[in-house]
Each structure stands twice: as structure tokens, then as C-alpha cells.
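Mind looking over this structure? Questions follow.
The values are calculated or read from the model by the stated rules, or taken from the named source; none is laboratory data. Everything numeric here is computed off the predicted structure, so don't read it as measured data. In this analysis, Cβ positions are derived from the backbone assuming ideal geometry, glycine residues included, and neighbour counts consider all displayed protein chains. Calculation scope for accessible area: heavy atoms of the full protein, side chains included, ligands and nucleic acids excluded. Shrake-Rupley method; radii C 1.70, N 1.55, O 1.52, S 1.80 Å.
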Amino acid sequence: GLEPDAGLSAGRNECVRRVHTPFVALLDDDTLVHDGGALGTLVRALRDDPAAALAGGCYEEFSAARGARPFRKSCFDMRFWPSEDGGDVSMRHSYGDGASAAGGCRRVHATHNFFVGRTAALRRFGWDPRQTVMEHETFFYQLYLNEQPVLACPAARALHNSSCDGDECSGDALAYEKRSLRNTKEPL
């Protein structure tokens, strides 16, 4: 078991530790898989690309406060851009510049927290338990540093209850967005 308030990273690592299948799906609690084919698409992508550690999908953003009608498709297909000495890192949308993979997927460095991963890879390159929140970027950066391919599969979609209403964020959502590596303008 876990200690109370162990954090998101420790919880994810414990979940993966208890899995007895070759693949495991991960999605945040504000994500809903509404299309039964989405997870199958991600599993097929991993079977078609045996080197890939995980395959992630896209969000259809909606705000529960405004109703369940999606207002934006959000594919988090990101690439890391380290400086020559590796001391600075930025993260930017790939805009399709990843290598093509099977099934309409492409290789990227990071996706949404809506993915199917190889259980063995997630056990080996898990989440840093010292990070109780804001674990997303460092988890994917570790995969990148260890040359673990990540697939982005636009055909796999899930509904995501966004804290932002359209492009407007407020409160905790705005603070999170400002701290996120993916939204920095300058390398860190």
C-alpha cells in the first residue's frame, strides 16, 4: 500500500507495479474514453512498433461547467529541445515533424496523460516519487533521455474536462499552465 498523500507519481508507480498484463492504460481522472476503439488503436500502435514504450491519443476538450460539447481538439504531440550542452531544455509542439509510425501515428517525445504503455517500460522508467504533482514533463523527459520511443496517435481520442473554458484559464488551472515546461517561452 501507499502512505496517505503519497502523491500522483507514487500512485502511478504502484498501479503499474500491480499490473499483470503486457500493456497498461493510463489516463487522468478528468479524462473519459468515450470511443471503445481508442484504446484498441493505441494497443495496435504498440504492437506495430515493438520498440515504442507507449502510445498516446488526443483530447477533445470540453468544460463540464458549460456542458459536454467539445470545443477544441488537443493533440499534445511534443518534442524536447535541449541546448547543445543539455543544460537548458524547452518543449514545443511537434506539428507533425515526428517520424511516421504505423497506423497514422508518429514518433514524438511526449503526449497527453492518455496513453497505453508497455508495462515493462513503465516499470523501468516510472515516475519520480519525489514529484507529487507536475510529473508529466519529467516522466516523458526521462523516456526521451533513455531513448524510449513515444507514439502520438491522433485517431485515438478521449474527452477531457478542461479547467480552461476555450482558451481562457483562471485560478489553479492558470497557475498550472504557467508552471508547465510546455508553456515556457525560454529554455529552462
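With the checklist (1) at positive phi; (2) in a helix (DSSP H, G or I) in hand, flag the one item D5 doesn't pass.
Tallying (1) at positive phi; (2) in a helix (DSSP H, G or I), D5 fails exactly one: (2).
Taking the condition of being open to solvent by 10 Å² or more (accessible area, probe 1.4 Å) and over 22 Å from P22 (Cβ atoms), how many residues in segment 109-119 meet it?
Residues that pass the stated criteria total 1.
Oh, and also: Pairs, please: C-beta under 9 Å, at least 6 apart or cross-chain, first residue within 12 Å of C58 (Cα to Cα) and open to solvent by 50 Å² or more (accessible area, probe 1.4 Å) and in segment 69-87, second aromatic (F, W, Y) and modelled with pLDDT under 85?
R72/F62
Regarding G117, is this residue modelled with pLDDT of 85 or more and in a helix (DSSP H, G or I)? Spell out how you get there, then give the answer.
Values: modelled with pLDDT of 85 or more: yes; in a helix (DSSP H, G or I): no.
For G117, the condition - modelled with pLDDT of 85 or more and in a helix (DSSP H, G or I) - is not met.
For segment 19-52, which positions are within 11 Å of H160 (Cβ to Cβ), open to solvent by 30 Å² or more (accessible area, probe 1.4 Å) and assigned to a strand (DSSP E or B)?
L27, L32 - these are the residues of segment 19-52 that are within 11 Å of H160 (Cβ to Cβ), open to solvent by 30 Å² or more (accessible area, probe 1.4 Å) and assigned to a strand (DSSP E or B).
Next question. From A10, A55, which residue is aliphatic (A, V, I, L, M), modelled with pLDDT of 90 or more, crowded, with 20+ Cβ neighbours inside 10 Å and more than 17 Å from P149 (Cα to Cα)? Reasoning before the result, please.
Values: A55 fails: more than 17 Å from P149 (Cα to Cα).
That would be A10, the only listed residue that is aliphatic (A, V, I, L, M), modelled with pLDDT of 90 or more, crowded, with 20+ Cβ neighbours inside 10 Å and more than 17 Å from P149 (Cα to Cα).
W127 is checked against (1) part of a loop (DSSP other than H, G, I, E, B); (2) at pLDDT below 85 and fails just one. What number does that condition carry?
Every listed condition holds for W127 apart from (2).
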